[in-house]
Amino acid sequence: MIPELLNRIAIQQGDITDLTVDAIVNAANTSLLGGGGVDGAIHRKAGPELLSECRKIGGCPTGEARITKGYELKAKYIIHTVGPVYRKSGNSPELLQNCYENSLRLAIENNIKTIAFPAISCGVYGYPIREACEIAVNTTIRFLTDHPSIKQVIFILFSREYFDVYTDYFSSHSNNG
Ligand code: AR6
């Protein structure tokens with residue numbers, strides 16, 4: 001992989017709600033009205049005004065993305081995307097890919113230069129981490145190649161285990177050109 005691309009992708013372990021970036025991505029559900037996991041953490045930290053804005057949006061289909069303000073977060077925006085509930089056969093990979101693509105597209109439309117993703121669908125929605133990681137990294141690399149305006153994409157993983165999966169995949173991928 002070309003070094004310029006490598007510099008635009010970072011992998012971190014931690015809590016996405018702590019990040020100072022233009023936008024963080026929320027792994028939401030189709031109602032956009034909050035839930036558990038990273039969605040719950042984002043709503044708690046952003047404060048109640050987030051829920052009011054989400055109510056006005058009126059939901060989001062799986063694979064699509066919607067943007068709101070970040071409110072009490074350090075991030076200026078939240079991009080809410082809805083990952084697929086994992087099924088072994090079916091269109092889960094396409095839908096998960098759409099989540100990354102549509103979130104990045106929305107970022108460009110809103111002049112967002114730095115954006116952080118959690119492991120969409122890898123909690124309650126049951127997506128296997130290694131398969132999801134490949135989709136996240138490959139889709140993002142393809143997108144960044146064509147869109148120079150995004151300066152930094154951070155993949156932030158809550159657990160050490162998931163962080164290691166991303167780090168291993170990313171380093172093997174970048175060594176293979
Ligand atoms: N920062 C970064 N990653 C986090 C954080 C955090 N603060 N909290 C959890 N994770 P999940 P899903 C990780 O379940 O599978 C919600 O109820 C977590 O360890 O949040 O897409 C929604 O409302 C896991 O690796 O999202 C939906 O109903 C990853 O984030 C449903 O869950 C995603 O786990 C969406 O399920």
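Tabulated data for the structure shown
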item	result
Those residues of segment 116-142 which are farther than 15 Å from residue 102 by Cα and assigned to a helix (DSSP H, G or I), in sequence order	129, 130, 131, 132, 133, 134
Complete set of residues in segment 102-115 that are outside any loop (DSSP other than H, G, I, E, B), closer than 12 Å to residue 150 by Cβ and either touching a Cys at 6+ places or on another chain (Cβ under 7 Å) or not basic (Lys, Arg) (or both)	103, 104, 106, 107, 108, 109, 114, 115
Qualifying residues in segment 14-27 (those that are in a strand (DSSP E or B) and either in contact with a Gly (Cβ under 6 Å, 6 or more places away or on another chain) or within 9 Å of the ligand (Cβ to nearest atom) (or both)) - the one farthest from residue 114 (Cα to Cα)	27
Qualifying position, being surrounded by fewer than 21 Cβ atoms within 10 Å (Cβ to Cβ), among the β-branched types (Val, Ile, Thr) and modelled with pLDDT under 95, among 2, 57, 67, 9	2
Hits in segment 96-122 (condition: surrounded by 18 or more Cβ atoms within 10 Å (Cβ to Cβ), hydrophobic (A, V, I, L, M, F, W, C) and away from the ligand (no atom under 11 Å from the Cβ))	104, 106, 107, 112, 115
Subset tally (residues that are away from the ligand (no atom under 12 Å from the Cβ) and either in a strand (DSSP E or B) or polar (S, T, N, Q) (or both)) for segment 62-92	10
Enumeration of residues in segment 44-53 that are away from the ligand (no atom under 11 Å from the Cβ) and either β-branched (Val, Ile, Thr) or touching a helix residue (DSSP H, G or I) at 6+ places or on another chain (Cβ under 9 Å) (or both)	46, 50, 51
In segment 54-95, residue farthest from residue 139 (Cα to Cα) [restricted to those that are aliphatic (A, V, I, L, M) and in contact with a strand residue (DSSP E or B) (Cβ under 6 Å, 6 or more places away or on another chain)]	57
Residues (of a type outside the set (Val, Ile, Thr), within 15 Å of the ligand (Cβ to nearest atom) and within 16 Å of residue 105 (Cβ to Cβ)) located in segment 125-177	136
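Let's see how each residue does on (1) within 8 Å of the ligand (Cβ to nearest atom); (2) of a type outside the set (A, V, I, L, M); (3) touching a residue at least 40 places away in the same chain (Cβ under 8 Å):
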{"residue": "12", "(1), (2), (3)": "no, yes, yes"}
{"residue": "30", "(1), (2), (3)": "no, yes, yes"}
{"residue": "35", "(1), (2), (3)": "yes, yes, yes"}
{"residue": "42", "(1), (2), (3)": "yes, no, no"}
{"residue": "59", "(1), (2), (3)": "no, yes, no"}
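The values are calculated or read from the model by the stated rules, or taken from the named source; none is laboratory data. The model shown is predicted, which means the values in this text are computed figures rather than measured ones. Every residue, glycine among them, receives a Cβ derived from its backbone with ideal geometry; neighbour counts consider all protein chains shown.
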